[in-house]
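Scroll down for the structure; my scribbles are underneath it.
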Amino acid sequence: MRLPPARVAIPATLIALLVIAALAAPLLGLPDPVRQNVVRRLAPPTADAWLGRDEFGRDVLSRLIWGARTSLFVAVSATAIAAIVGTLLGLIGGWFRGVAELFTVRVADVVLCFPPILLALLVVTVLGPGGGTLILMLSILYTPGFTRVAYGEILSARSMDYVEAVRALGATTPRILARTILPNIAGPLLVQFSLTLAAAIVIESGLSFLGLGTVPPTPSWGLMIRGARATMDQAPLLLLWPCLVLTATILAINLLCDALRDLVDPRSASASALHGLGARLLPGLVTAGQGPTGLAVRDLRVAIETPNGPIEPVSAVSFDVAPGETLAIVGESGSGKSLTATALLGLLPRTASAAGAAVFDGRDLLTLDDAAMRALRGNRIAMIFQDPMSSLNPVHAVGTQVAEASRAHRTLSKPAARAEALALFRRVGIADPERRLDAYPHEFSGGMRQRVMIAIAVANRPALLIADEPTTALDVTIQAQILDLLADLRRETGMSLIFITHNLGIVAEIADRVVVMYAGHVVEQGGVAEVFAAPLHPYTQALLAAVPAEDANPVPIQGTVPPPSRFPDGCRFHPRCSRATAACKEPQALREITPGRLVACIHVAPAREAVS
Amino acid sequence: MTFIASRLARTLFLAWLVATIVFLVLHLVPGDPAELLLSTGGAMPDPTAVAELRVRLGLDRPILAQYRDFVAGLMRLDLGRSLVDDYSVAGEIALRLPRTLELIFAATTLALVIGVPAGVYAAVHRGGRFDRVMSAVTAVLLAVPVFVLGTLLILVFAQMLRLTPAGGFVPFGRNPGQHLALLALPAIAIGKGLAAIVFRMMRASVLDTLSADHVRTARAKGLSNARILAHHVVRNAFTPVLTVLGLHMGALLGGTVLVEYVFNWPGLSTPLIRAVEGRDYPMVVGIVLTISGLFLLINMIVELLYGVLDPRVRAR
C-alpha cells in the first residue's frame, strides 16, 4: 500500500506542531494568558503581542496556544476514556453475545438516538459547566461509537480462521481478546479515535462558545470566538485567529483520518479498487459474424491500465460468426472470453481499450463513435449477461425495462411499447405476463429474470445476440429451459448467437462451432462435432477430460490460468501441459489443420491428422 | 402498510427509551436538583426553600410515581411549567418549533439542491477540474465548525459587505423579503456540512452505480447517456445518500442550536440555552425531548423513503 507521503506528512506535521506548542506552552515564555490589561484592550499586533490583544487587553497569541492546551486536554482525555470503555464494552458484547450484548451494544444504540449536542446540554444542566463536566460528558457521548466499531469488528474477527485456530489451542478468552483480536481490530479503532478527537474538539469549542463549556477566564478557542464576536466591528482580526486555528486543526485531523482509513481499509483505496475492477473483467465477453450480417473479428487485443502497468488479457483473437450460426466461446475463468465480448459491444470499462478489427454490417465496431455504437447496441447487436440478479435495475418494474429497450431504437408510444413487452413476455415463456409486467426484479426467480433479460435483448430483433454465461447462475433444469428458448429464438429470427461458457456440456447442446480460448489466446477452433470427437490442442483435450462422462472419471486440469501480468512466453498453456518441450516457449501461430479447423500447437502435425 | 406501521412502532419505542433516559439522567445523577437549582455562588441554600421546591417539583414522591406522572404528562403533551418564568413549556415550544423547523428544512433543501447535482457531475467527470476543486472545498466545509462559519458569514456579509443584517427574525407575513434574507445565512451555516456529505456520498454512489451490472444492461440496450444517468443511475445512487442524510441529522440539529444562537434566530435554541444556564429542568427536558423526537421522526421518514425509492424494501 503506497500512499502519497504528502497526504500524511502535511496534516501529521501540523498536528505535531500544535501538540508540541500546547505541551510546551509553560516553557515558551508567553505572557500570562489571563492577565488583563484594559488600557491596551483591542490593541493591534505589536512586538510584544504578535497577534494583538483581546477585549480585556490579554495577549491573543498566548491565549491561542494555551487554548490549544485546554481544547486538546479535554478532547484527548475524553476520547481516551471513551475509547477504552467503549472498546471493552464492544469486545464483551461481541464475544459473549446474549445478555452481555444487550447491556453493552443495545444500550450504546439508544445513546446514539440523541443528537450529540443535546445530550451534552442535558449533562451540563445537571452538573453545571466546567472542564470536568466536559470530559465526563464527551466520554459518555463518544463511548457508544467505539462500542459499535469494536463490536462490529469482533463479530467478523471471531469467525476468522486465525481466531478459530487459537481457540482450538485452548487459549483463554481474555488472552484471545488481548493478544489476537485487539491487534487485528486496532486499525478501525484508530480511525474512530481520530474521528472522535475532531468531533470532541468541535463540541468543546461549540459549548464554550455558547458559554456552557470551559469557564472563563481559562483560555479556550470557543470562548475566544465568543469574546471576539462582540467586538468584530472594531477588531475583525481577533475573530479570524481562533476561527482559523480551530478549523485548521479539525481539517488536519480529518485529512489524517482519511489517509489512515485508506491504510486500514484497503477496500476504499483507489489503487485496489482498480485492481478489483481488472479482476472482475477478466472473465470475458464474446462476439462473431461474417458476410452481410455476420461478424468477423481479426486480431482483437484488449489492454487494461492497472496501477502496476498495462496488461493485455486478450491478444490476437480472430474468429468469424456466420448469419444464423451459433458460435460457442469456451475457456476457464480468466481466459478472456467475456472481455472479448465486452470489447465488441464497446462496453469496456474506461481503463480498458480494444485494438484490431471487428467487422459487422460492413463496419468496424472498434472504430465506431459513441453515437453509432449506441444505435447498434440493443438493436442490431444485443447481449445478455451472466447474473440476472444484478443485471436488472431493482427500482423499476420489469415491464418498463423491456419497453425502454424498444423505445430506445424505435418511435413507439408507451402503450404500444407495453403491448410489445407483453408479447415478448409471452414469447419468452413468462406465465401471467399481464400481471408480471408491473412486478419488480426481486419478485422474480433467477430463471424468470434471465427470461426478462432475453426479452430485453430480443426486443429489437437483433442480428447478433451475445450471451455471456447466461445459465451459469441458474440450476440445471432452468438452464435447459433457457438454452431451449435461445435455440428457438435463433431459429425463428435467423440471428447469429455467440454463446460464452466454461461448460462444455452446453457447447455440445447448442453450438455449431466452437472457439477454445486460453489466457487471452485462441488455441483451437472448429465444428463442435469434430472438436468433441477429436480434440487437437492439449488444452482442449484437458478440458474435455475434465467433463464427467459415462465411461470415464473426470480428470481435473492441474494448476490455474495465470493472471495477465504473468502470461508465459510462447504457448501460454505450456507450464500446465504434459507434452511441453523447449519449442513450446516460442510463439505459436494458429494453423489451419483441415478446412475450418484451426489449432495453435506445435505437437499437432497437420498432414497426418488430415490424412487420417 | 405493515411497513409503515412497523416503522411507526419502532420510532415510538425509541421515543419512549429516549424519554426514559432523560428522566434517569435527571433523577439518578447524584445531587438534589432542588438544591442545585437554589445554590448560587456556592452558598448553602435555605433548607426550607429546598423542601418547598422539592414538593413543587414532586421530588418528594417515590421515583416510580414521578416516572408515571412524567410519562402520563408526555402523553398529554403536558411538559410542565418553567421554573424561571412560569411559562408553559409546551406553549413555548409550540411558538418556537416552527421557526426551528423552517431553518432545518431550508438547510436540508439547500444541501440536497447543491450536493446532489454537484455529486453527479463530479462523478461523471471524475478526476476533472470540478471534481478536484470540490474535493478540497468539501474537506474545508466539513472541518469548519458551524458556529465558526456562522460567525465568519456575519463578519463578511453583514460587517464588511453590509449585504445582509447580522441576524434577527421578521415574521414571513410581515415582510417576506426580509424574512428570507434573514433565513439565508443561517441556512447556509447549518446546511454546509450536510451539503459536503451529500456531495461526497452522491459522487461515490454514482461511481458505484455506473459500474453496476444493470447499468451495463442499460448500455447494452443502446440507451442514451442522459437516459441512463437519469433513469438508471441517479435514482439507484440516491439510497445511500438518504442513509447519510438520516445519520447526519443529529449533527444538523446540534448545529441548528448553535446557529440560532449566532444569528439570534428565535427558535428553540434561545430558551434551551437560557434554561441550561438557569437549570430550568422542565424547559430543558421539554426542548431536549422535542428535538430528539424530531431526530427520530426524521429518521423514520428517511426509512419510509427507502420504501418509495427501492421496491425491495417494501417487501421486507
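The values are calculated or read from the model by the stated rules, or taken from the named source; none is laboratory data. The structure displayed is predicted, hence computed values, not measured ones. Cβ coordinates were reconstructed from backbone atoms using ideal geometry, including for glycine residues, and neighbour counts include every protein chain displayed.
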> Can you name the residue in region A:224-241 that is free of Cβ contacts under 8 Å to residues at least 60 places away in the same chain and over 18 Å from A:Leu210 (Cβ atoms) and is also surrounded by the fewest Cβ atoms within 10 Å (Cβ to Cβ) among such residues?
Replying inline: A:Asp233
>> For the condition touching a residue at least 24 places away in the same chain (Cβ under 8 Å), crowded, with 22+ Cβ neighbours inside 10 Å, within 11 Å of chain A (Cβ to nearest Cβ) and not β-branched (Val, Ile, Thr), what is the one hit in B:Ala275, B:Ala212, B:Ala195?
In response: B:Ala275
> If we keep just the residues of region B:244-266 that are within 16 Å of B:Ile188 (Cα to Cα) and either free of Cβ contacts under 8 Å to residues at least 12 places away in the same chain or of a type in the set (Gly, Ala, Ser) (or both), which is surrounded by the fewest Cβ atoms within 10 Å (Cβ to Cβ)?
Replying inline: B:Ala251
> Would you pick out the residues in region A:96-123 that are touching a Gly at 6+ places or on another chain (Cβ under 8 Å), at the interface with chain B (Cβ under 7 Å from one of its Cβ atoms) and in a helix (DSSP H, G or I)?
Replying inline: A:Pro116, A:Ile117, A:Leu118
> If you go through region B:71-82, how many residues are small (Gly, Ala, Ser) and in contact (Cβ under 8 Å) with a residue 60 or more places away in the chain?
Replying inline: 2
> Would you pick out the residues in region B:278-300 that are within 11 Å of chain A (Cβ to nearest Cβ) and hydrophobic (A, V, I, L, M, F, W, C)?
Replying inline: B:Met283, B:Val284, B:Val285, B:Ile287, B:Val288, B:Leu289, B:Ile291, B:Leu294, B:Phe295, B:Leu296, B:Ile298
> Which members of region B:74-87 meet the condition of being surrounded by fewer than 16 Cβ atoms within 10 Å (Cβ to Cβ) and closer than 22 Å to B:Val18 by Cα?
Replying inline: B:Met75, B:Arg76, B:Leu77, B:Asp78
>> With the structure loaded, tell me whether B:Glu303 is more than 9 Å from chain A (Cβ to nearest Cβ), of a type outside the set (A, V, I, L, M, F, W, C) and in a helix (DSSP H, G or I) or whether it fails that test.
In response: yes
>> Please return the ranges of helices (runs of 4 or more DSSP H) entirely within region A:322-411 where 3 or more residues are facing chain B (nearest Cβ under 8 Å).
In response: A:370-376, A:398-409
>> I'd like the full set of residues that are within 10 Å of another protein chain (Cβ to nearest Cβ) and either under 16 Å from A:Thr342 (Cβ atoms) or surrounded by fewer than 20 Cβ atoms within 10 Å (Cβ to Cβ) (or both), limited to region B:229-243.
In response: B:His231, B:Arg235, B:Thr239
> Take the residues of region A:370-396 that are of a type in the set (A, V, I, L, M), over 26 Å from the mean Cα position of the chain (by Cα) and crowded, with 18+ Cβ neighbours inside 10 Å: which is nearest to A:Ala455 (Cα to Cα)?
Replying inline: A:Ala382
> Any chance region B:56-70 includes a residue that's in contact (Cβ under 8 Å) with a residue 24 or more places away in the chain and of a type in the set (Asp, Glu)?
Replying inline: no
> Does A:Leu244 count as part of a helix (DSSP H, G or I), at the interface with chain B (Cβ under 10 Å from one of its Cβ atoms) and surrounded by fewer than 18 Cβ atoms within 10 Å (Cβ to Cβ)?
Replying inline: yes
>> Would you confirm, using the coordinates I've provided, whether B:Ser269 is within 10 Å of another protein chain (Cβ to nearest Cβ) and crowded, with 24+ Cβ neighbours inside 10 Å?
In response: yes
>> Restricting to region B:125-144, name every residue that is under 23 Å from B:Tyr261 (Cα atoms) and touching a residue at least 40 places away in the same chain (Cβ under 8 Å).
In response: B:Leu141, B:Leu142, B:Val144
> If a residue has to be under 14 Å from B:His214 (Cα atoms) and basic (Lys, Arg) to count, how many in region A:365-423 make the cut?
Replying inline: 0
>> Being without any contact (Cβ under 8 Å) to a residue 24 or more places away in the chain, within 12 Å of chain A (Cβ to nearest Cβ) and of a type in the set (A, V, I, L, M, F, W, C) is the requirement here; does B:Val156 meet it?
In response: yes
> With respect to A:Thr477, is the statement that it is of a type outside the set (Asp, Glu), in a loop (DSSP other than H, G, I, E, B) and surrounded by fewer than 19 Cβ atoms within 10 Å (Cβ to Cβ) true?
Replying inline: no
> Out of region B:249-266, which residues are facing another protein chain (nearest Cβ under 10 Å) and outside any helix (DSSP H, G or I)?
Replying inline: none
>> Could you check region A:454-510 and list, in sequence order, the residues that are more than 24 Å from A:Pro548 (Cβ to Cβ) and of a type in the set (Val, Ile, Thr)?
In response: A:Ile454, A:Ile456, A:Val458, A:Ile466, A:Thr493, A:Ile498
>> Taking the condition of being over 15 Å from the mean Cα position of the chain (by Cα) and within 14 Å of chain A (Cβ to nearest Cβ), how many residues in region B:98-134 meet it?
In response: 8
>> Quick check on A:Ile430: is it more than 13 Å from every other protein chain (Cβ to nearest Cβ), in a helix (DSSP H, G or I) and either in contact with a strand residue (DSSP E or B) (Cβ under 9 Å, 6 or more places away or on another chain) or aliphatic (A, V, I, L, M) (or both)?
In response: no
> Which residue, of A:Ile506, A:Ile466, A:Ile456, A:Ile498, is over 27 Å from A:Thr400 (Cβ atoms) and at pLDDT 90 or above?
Replying inline: A:Ile498
> How about region A:387-423: which of its residues are closer than 13 Å to B:Ala220 by Cα and either at pLDDT below 85 or β-branched (Val, Ile, Thr) (or both)?
Replying inline: A:Val402
> If you scan region A:106-121, which residues turn out to be surrounded by fewer than 23 Cβ atoms within 10 Å (Cβ to Cβ) and either acidic (Asp, Glu) or more than 20 Å from B:Asn299 (Cα to Cα) (or both)?
Replying inline: A:Asp109
> Can you pull out the residues in region A:433-469 that are within 23 Å of A:Ile506 (Cβ to Cβ) and not in a helix (DSSP H, G or I)?
Replying inline: A:Phe444, A:Ser445, A:Pro462, A:Ala463, A:Leu464, A:Leu465, A:Ile466, A:Ala467, A:Asp468, A:Glu469
